[in-house]
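The values are calculated or read from the model by the stated rules, or taken from the named source; none is laboratory data. Since the structure is predicted, the reported quantities are computational estimates derived from the model, not experimental observations. Note that each Cβ is placed from the backbone with ideal geometry, even for glycine, and that neighbours are counted across all protein chains shown.
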Amino acid sequence: MSKRSGLLLFVAFAALFLTVNRDAYRGYFQDDEIDNLSWAPYLGPLDFLKGAVTPRFQANNFRPVGHYYFHAVEEIAGLDFPVYVAVLHAFHLLNVWLLWLVARRLGAGRFAAAAACLFFGLHMALFDDFWKPMYVFDVLCAGFCLLSLWCYANERWVLSFAAFWLAYKSKELAVMLPVVLLAFEIWFGKRRWKPLVPFFLTSLSFGIQGILGNPNRDNDYTFRFTAAALAKTTVYYAGRVFLVPYLGFVVPALAFLARNRRTWFGLAAMGLFLFPMLFLPGRVFSAYCYLPFAGLAIAISGLAEATSPLALALFLALWLPMDLRELRQRRRDTLAGDNEVRAWMSAVQRFAAGAEKVDAFVVSGTPAGFHQWGAEGALKYFYERGDLTVKRAGDAGASALMETRRVALLNWDAGRKRLDIVVRAPGGY
């Protein structure tokens, strides 16, 4: 295939992807994104650079590479949501191209590599990674992991290590990448172990710091090394592979159907990247499949060459309807929720623009799935202040606050999908 043909093929896929996901541009921010926008724009480039180069574990969950995306795009576009989606889509399409390069470097033919890219590039288990800027961390982490793998396969050790470092600074899941590189060295490399030493030492350092410095002792971010946790997570992620409950448990059988190193390596990469997620039963999200499914796509490229084109076409014919069903359902639910948040945010923005003097805010109800930190982030963003007093109605101190200070009460009417804001004088109505 000539470079021109390859470019045309990529452009055709990009057009298909953007057409399928065109409604993502009609969406809106959610709580985590608004929370990031409340503080990321007020850091300087030097703050992000320091976070990117430090070898210390960030106990405050600061991911400088991913958070810089919010800083940079907000500086250009403010709250223009389609711009955030466009940049996210550009990163994803770049990852599809990197997946192509990796698959080809591992020996996949054009047809097999294209099948892998199609599977990964349009998989609707990754819907949130395509639609929600909050998951830019997963998208960037996967991109740098693929870049690191490609550089390593081409013996560009320094560039590979730099990409690995940036992958970790995008999301901590990249801590498993050195083991994936070890698998590459076993199946495709020359059994040279010295280049892996800095990768493993860095991974070990971040891993130990993460265990010792993790402030999450008993919450959703706490690892649970129990059978109950494993039962919950494996069932969920198995259902995400082919979008049919439990069907993902057949994936190991691919190693026997396609007896080639590329399938074995892809399955190993998927399992290694997914491994930490299996012990986080409080953080079970389909979007977390993004990096592991890049490994699965590599395995698919091996399967595509081990089976007949008819068998692969049959697989796609069975999988695509499930994929489209997932898209329709997630699109409907996501746009409905986004419209509610847009109404809530617009009301807060209008109130802030009115410059009415208030001392504090009490939030009474929010759109479904929109948490308190999103409400606080919105107020801090519009008022450009990080020291605002924001309470949730019913919380300790909220009543006393309304008795002693001039408070804006934000009341969300779920039935009418409207936010009413009333200013109360101390002790008054």
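Of note:
- Exactly one residue out of G282, G295 is out of contact with any Leu (no Cβ under 6 Å at 6 or more places or on another chain), in a helix (DSSP H, G or I) and either at pLDDT 90 or above or surrounded by fewer than 20 Cβ atoms within 10 Å (Cβ to Cβ) (or both), and it is G295.
- Qualifying positions in the range 129-173 - within 28 Å of L79 (Cβ to Cβ) and surrounded by fewer than 21 Cβ atoms within 10 Å (Cβ to Cβ): L166
- Of the candidates R192, R156, R217, the single residue that is modelled with pLDDT under 95 and under 27 Å from L101 (Cα atoms) is R192.
- Boolean, E403 is touching a residue at least 40 places away in the same chain (Cβ under 8 Å), among the acidic types (D, E) and not assigned by TED's automatic domain parsing to the domain that holds F111: no
- Residues satisfying the stated conditions in the range 213-237, i.e. in contact (Cβ under 8 Å) with a residue 12 or more places away in the chain and assigned to a helix (DSSP H, G or I): G213, A228, A229, L230, K232, T233, T234, Y236, Y237
Rundown of residues vs (1) free of Cβ contacts under 8 Å to residues at least 40 places away in the same chain; (2) touching an Asp or Glu at 6+ places or on another chain (Cβ under 7 Å); (3) not assigned by TED's automatic domain parsing to the domain that holds N154, yes/no style:
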| position | (1), (2), (3) |
| --- | --- |
| G78 | yes, no, no |
| V85 | no, no, no |
| H89 | no, no, no |
| W97 | no, no, no |
| L101 | no, no, no |
| A112 | no, yes, no |
| A115 | no, no, no |
| F120 | no, no, no |
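- Hits in the range 137-155 (condition: in a helix (DSSP H, G or I) and polar (S, T, N, Q)): S148
- Leading residue by the ranking (nearest to the chain's Cα centre (by Cα)) among those in the range 1-29 that are aromatic (F, W, Y) and over 18 Å from Y84 (Cα atoms): F13
- Checked against (1) in contact (Cβ under 8 Å) with a residue 40 or more places away in the chain; (2) loosely packed, with under 12 Cβ neighbours inside 10 Å; (3) among the acidic types (D, E), D387 meets all criteria but (1).
- Looking across F70, F130, F137, F29, one residue alone is of a type in the set (F, W, Y), under 30 Å from G248 (Cα atoms), in contact with a Leu (Cβ under 8 Å, 6 or more places away or on another chain) and modelled with pLDDT of 95 or more. It is F130.
- Identity of the residue in the range 398-429, within 27 Å of Q30 (Cβ to Cβ) and small (G, A, S), that ends up modelled with the lowest pLDDT: A398
- Looking across L254, L274, L267, L243, one residue alone is touching a residue at least 40 places away in the same chain (Cβ under 8 Å), among the aliphatic types (A, V, I, L, M), farther than 18 Å from D323 by Cβ and in the same structural domain as L122 (by TED's automatic domain parsing). It is L254.
- For S203: the one exception among (1) in contact (Cβ under 8 Å) with a residue 40 or more places away in the chain; (2) assigned to a helix (DSSP H, G or I): (1)
- Check on D32, more than 22 Å from the chain's Cα centre (by Cα), acidic (D, E) and in a helix (DSSP H, G or I): no
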